[in-house]
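So the structure is just underneath, and the comments pick up after that.
The values are calculated or read from the model by the stated rules, or taken from the named source; none is laboratory data. The structure displayed is predicted, hence computed values, not measured ones. Using ideal geometry, Cβ is built from the backbone for each residue, glycine included, and neighbour counts are taken over all protein chains shown. Only protein heavy atoms, including side chains, enter the accessible area calculation; ligands, DNA and RNA are left aside. Shrake-Rupley method; radii C 1.70, N 1.55, O 1.52, S 1.80 Å.
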Amino acid sequence: MQVESTFGKMNALTSVMGIKALFEKYGIYIFLIILFVFASVVSPAFLRPKNLQDVLNQAAALGIVSIGQTFVILTGGGGLDLSVASVMATVAVIIARNTGGLDALLLPVASLGLLFGVLIGLFNGLLITKRRVPPFMATLGMMIIVQGLRFIYTKGAPKGDFPPFVRFLGNGNIGPIPTSVISLGVFTIIAAVILRKTAFGRKVYTIGGNIHTARLSGYRTDLIITATYMISGLTAAIAGIYLAGWIGISDNWVGKGYELDSIAAVVMGGTSFEGGRGGVLGTIAGVLIIMMLYNVILLLHLPVQVQYVIKGAVIVLAASFYVRRSVR
Amino acid sequence: MKRLLLVLIATAFSVSVLVPAAGAQVKLQWSRSWLWDQNPVRMVNTAKFKKKPPYVIGFSNASISNSWRVFMAREVQAEAEKHKDLIKKFYVTDAQDKPEKQIGDTEDLVAKGCDAIILSAATMAALDPIATRLYKRGIPVICVDRRVTSDNFVSFVTASNFTQGRMMMVWLCEMLKGKGNIVMLPGIAGAGPAEERIVGAKEVLSQYPDIKVLDMQYTSWSPSEGKRVMAALIQSYGNKIDGVWADSGLQGSGAVEALNDAGLKIPITGEDLNAYLLRVQKYGFPAMSIGFPVKMGAEAVRTTLKVLQGIQVPFIVNVTRTVTTTVDTEDVKADVPWSDMAHPKWPSDWWIDNTLPEKWLPK
């Protein structure tokens, strides 16, 4: 408790540090621009419209999951959601199996899938707030449970196909712009508005800043934290639909690795694990960095494995950067 | 009373006719090893393992973490069920890709009194000590799909990954008439099957000096990775790519989609995964497929039963596999037409070259 109040003071200190603080605040965007310029210079293929389209299209699903992840991490207290990738894959197989590739059945089945995501979020939230299970353990457990349920449900070999509309969402274009990118833009704006302009958003930041203050102010902290996990479950379910539409094959492992990539994107984007600081725009910048790194490595003909080294290095760098900021 | 007698006689008669017929199924059978091994087939004398039925058999499986493994495990169980007369108890364990768990699983199976163990090893090295220990104790170990490092097992039921890599590359090089640029999309770096397929492919490549490999990228045997990597490679090399060597239908299906999006209808290789077969057919690609057949699971059970009955078995049992192409080349010709392999009504995740009875298909 003492530690947290000390951090509170330091936040106040850093905010008056002027240019340095400004640079720190926008560091992620500067890095994004540098990476973009670097990519354009080293590989002429990077700036081709089709390549940019590919990168953005691939970024959409990760971006959508990361939005929910941002909400969860903003609440602080070690909050994170490891169950997102499991939810993504499960929603994808639910849709493939129950629509049988028909648009007519999409609305009810997709609603069911989204409801499933929200329910998993609700369980996560209740475990964390009511039973005081550490978020890491609660969501890890949920990840394994959902995985197991999926394997029981599909018997290991998922069947079915995706309706044309799902393919349009994940793989189609409106004019020259991928549908998924437009969707990501819309979701980002909605999330930013919720976080910046609504009472709920302000409460999320307050809880992340200092949960005790929030309690003393009469906020129903348990309710709000649970709601952030439900949002994370919902965005994971939505992302599952987009990613499934992009691949077009019913696969038990749609979104494998997205739990860690989404956390990495959020942390790179300046949302700290202590909570209360950051936002979705930084997260989207983090997502774009992850996807651009991947693309550039392939364009430079380096082995795909190199991306992990660079991605890891960027995460560690970003994290150490933000820690230094909060200790000072 | 008379009627009862009649029924008894009839039953006795039908049993006497049916039992040898059922037994005949596990008598000496042709396996591909007998036909295709360039050397005399190395046979294993199994007299010392001979036991009276019924048997207790254990299947120590590495995992069912992808649909290939699910199908293979089901082949094992379905075949075991067919031989109920010989098998009293059939145990199956799933190590979830963890070698240390599989060692424990295998020990458990022995403790349960298994007469033989069918082993699909999570990794070659980690499972070697336990396989060796069992072998020395006189419990026959039959490897399937993945073997252990040493030769301390009775028989290994498999399909050659080297052959697979070679066949795919020969077809591709012949399609390109020995001249052109290709990209290679292998599976997982360091995974036995992936590396062996690359070795086989490179052996063939060494004979084609005018075929240039522009790039080789691992794809984790994942459709989404296949699509992502292929899309970036297309941006990077554009129309310079004349052909794609994908070592499996998993990334192959993703790569076909990326190629189709870019309007590049170039030759591509893959396996008997329905998604791959269907997409090739739908988009009209020149393509070939060679199965790494899931039915090796069933063959492993048959081999195990032979071992326990004291019948000689080959040390390496190569299962038959189906090659299909949309365009034949000089050395690679389709065993069956592509349209017979691609099943629009079946799930995309199904492996076509299986021998599963209806009720064992994952539905």
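Counts of other chain beta carbons within 10 angstrom of each beta carbon in peptide A:253-263 average 2.
Report the net charge of residues surrounding A:Ile263, where surrounding means a beta-carbon distance below 14 angstrom and charges are Lys +1, Arg +1, Asp -1, Glu -1.
Surrounding charge for A:Ile263 is -2.
Here region A:51-117 is treated as an ellipsoid with the same Cα gyration tensor; its semi-axes, largest first and in whole Å, are 26, 18, 9. Entry comment: accessible area of region B:226-359 is 29 Å² per residue, from protein heavy atoms only and a probe of 1.4 Å.
Which value, in square angstrom to the nearest 100, describes the accessible area buried between chains B and A on both sides, using a 1.4 angstrom probe? Summing both sides, the interface buries roughly 2900 Å². Spatial offset of region A:61-129 relative to region A:175-193 amounts to 18 Å, using the alpha carbon center of each.
On a per residue basis, chain A carries 43 Å² of accessible surface, using protein heavy atoms and a 1.4 Å probe.
With the helix formula -39500 (n - 2.57) applied to DSSP H stretches of n ≥ 4, chain B reaches a computed 222 nm mean residue ellipticity of -13000 deg cm²/dmol. Shape class of region B:118-277 from the alpha-carbon gyration tensor: prolate, with a/c at 1.5 or above and a/b greater than b/c. Using the 1.4 Å probe convention, the accessible area of region B:41-134 works out to 42 Å² per residue with neighbouring protein chains retained. The calculated Kirkwood hydrodynamic radius for chain B is 21.8 Å, given to one decimal from all distinct C-alpha pairs. Could you work out the relative contact order of chain A? I mean the mean sequence separation of Cα pairs under 8 Å and 6+ apart, divided by the number of residues, in percent. Value for chain A: 33 percent.
Within region B:334-353, the residues that become at least 20 Å² less accessible when every protein chain is included than when their own chain is isolated (1.4 Å probe; DNA, RNA and ligands ignored) are B:Pro347, B:Ser348, B:Asp349. Among B:Glu271, B:Glu100, the sequence by solvent-accessible area, most first, with a 1.4 Å probe is B:Glu100, B:Glu271. Among the protein heavy atoms, those of B:Trp221 account for about 60 Å² of accessible surface (1.4 Å probe, every chain in place). With an a/c value of 1.5 or above and a/b not larger than b/c for the gyration tensor axes a ≥ b ≥ c computed over the alpha-carbon atoms, region A:182-328 is described as oblate. Normalised by residue number, the volume inside the convex hull of the Cα atoms of region B:257-363 is 124 Å³ per residue. Antiparallel beta bridges, as assigned by DSSP with both residues in the protein assembly as shown, represent about 20 percent of the total such bridges. Shielding by partners for peptide A:57-69, expressed as the average number of C-beta atoms from other protein chains within 10 Å of each residue's C-beta, is 1.
Taking other residues whose beta carbon is less than 9 angstrom from the beta carbon of B:Val56, and scoring Lys, Arg as +1 and Asp, Glu as -1, yields +2. Measuring between alpha carbons in the structure, the pairs from B:Lys89/B:Lys359; A:Lys155/B:Lys345; B:Lys52/B:Lys295; B:Lys82/B:Lys112; B:Lys84/B:Lys333 lying more than 30 angstrom apart are B:Lys84/B:Lys333. For the protein assembly as shown, the Kirkwood estimate of hydrodynamic radius, built from reciprocal distances between every pair of different alpha carbons, is 27.5 Å. Per residue of peptide A:147-157, the mean number of Cβ atoms on other chains within 10 Å of the residue Cβ is 4.
The sum of -39500 (n - 2.57) across all DSSP H runs of n ≥ 4, divided by the residue count of chain A, sets its helix-only mean residue ellipticity at 222 nm to -25500 deg cm²/dmol. Here the average projected area of the convex hull drawn through the C-alpha atoms of region A:194-252 stands at 5.3 nm². Here chain B carries DSSP beta bridges of which approximately 15% are antiparallel, counting only pairs with both residues inside. With 20 Å² as the minimum drop in accessible area between chain alone and full protein complex (1.4 Å probe), the qualifying residues in region B:260-288 are B:Asp261, B:Arg279. For B:Lys240, the lysines whose Cα falls under 22 Å of its own Cα, not counting residues fewer than eight places away in the same chain, are A:Lys50, B:Lys177, B:Lys179, B:Lys202, B:Lys212, B:Lys227, B:Lys265.
Would you kindly calculate the mean projected area, averaged across all directions, of the convex hull enclosing the Cα atoms of chain A, in square nanometres? If I average the Cα hull's projected area over directions, I get 17.2 nm². Surface composition of region A:223-328: carbon and sulfur atoms hold 78% of the protein heavy-atom accessible area at a 1.4 Å probe. The Cα-based radius of gyration and maximum Cα-Cα distance (Dmax) for region A:21-88 are 15.9, 44 Å.
Cα-Cα pairs above 16 Å in region B:54-154: how many percent?
Of all Cα-Cα pairs in region B:54-154, 51 percent lie more than 16 Å apart.
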